[in-house]
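Values in this text are rule-based calculations from the coordinates and carry no lab data. All figures in this text were calculated on a predicted structure; none of them were measured in a lab. Neighbour counts are summed over all protein chains in view; Cβ atoms, including those assigned to glycine, are modelled from backbone coordinates with ideal geometry.
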Amino acid sequence: MVIDIYNGIYGVPGKCGSRYWSKTELFDKWDVPTVLRADFHDVYNRKIKLDYIMIRNPLSHLKAGLQTEIMDCFDDVDEIGNILKRFTDTKNGGAHFHPKFCEQVYKLWHTSNFKLKVVDLNDLTDFLKSIGFDIPYDSRDFGFLEEPNYKSKTEVWYRCVELYPDMINQLVKYTETDLKYYKALISQDKSLTKSI
């Protein structure tokens, strides 16, 4: 999965506010250049150390990632299958989704002695304000509506369910498992450390 690194300390995975974060570049405040599309494995393996990381609800993350990757190949059954295979790969995941992302972030949080700060996508506007970026949020800036091949998340979801129901069921199971780590990260619940 890809992750953008801002100022050397803020990790923003694809589909977790990365296009909104890109507006911070207009302010020219960063001391360290932005690293676009780094590999999340480098963060997970601690080659890149972060102070903050963005997350979002796993099912929402899955649906947003599918929309991004499948709109361009909506009629290509084989390519949709390839994307779903990558998304179900628990080692590498796809470019815009990893089936164990929140679990891996939880492990990072634990190994950082709970110093890694986790920011939920729902709190992004307020978080950016807290670090000096007052950027108005307009959902129309992020909806792909202007794309000639636009498909809604719902259209993409049902296309995947129709073509590959078993892989979608597996992905839903992954998101259900990852949801407990997401909730624990948001509430700063340390009790899951025994299960990692």
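For this structure, a couple of remarks:
- Among (1) 11.9; (2) 11.1; (3) 9.8, the entry derived from the coordinates for mean projected area of the Cα convex hull in nm²: (2)
- Cα-centred dipole magnitude for the range 2-195, charges only on beta-carbon of K, R (+1) and D, E (-1), debye, nearest 20: 1000 debye
- Protection proxy ranking, peptides 16-25, 111-120, average beta carbon neighbours within 10 Å, highest first: 16-25, 111-120
- Its relative contact order, with pairs defined as Cα atoms under 8 Å and 6+ residues apart, puts the range 2-195 at 26 percent.
- In terms of its C-alpha gyration tensor, the range 94-193 comes out oblate, because a/c is 1.5 or above while a/b does not outweigh b/c.
- For the range 136-196, fraction of C-alpha pairs farther apart than 15 Å, in %: 69 percent
- For the pair the range 37-94 / the range 1-17, the C-alpha centres are spaced 13 Å from each other.
- Exceeding the 19 Å Cα-Cα cut-off - candidates LYS85/LYS173; LYS117/LYS190; LYS15/LYS107; LYS15/LYS63; LYS47/LYS183; LYS49/LYS180: LYS15/LYS107; LYS47/LYS183; LYS49/LYS180
- Whole-Hz couplings from phi, Karplus 6.51/-1.76/1.60, listed for the range 74-80; x for Gly and Pro: 3, 9, 9, 4, 5, 5, 4
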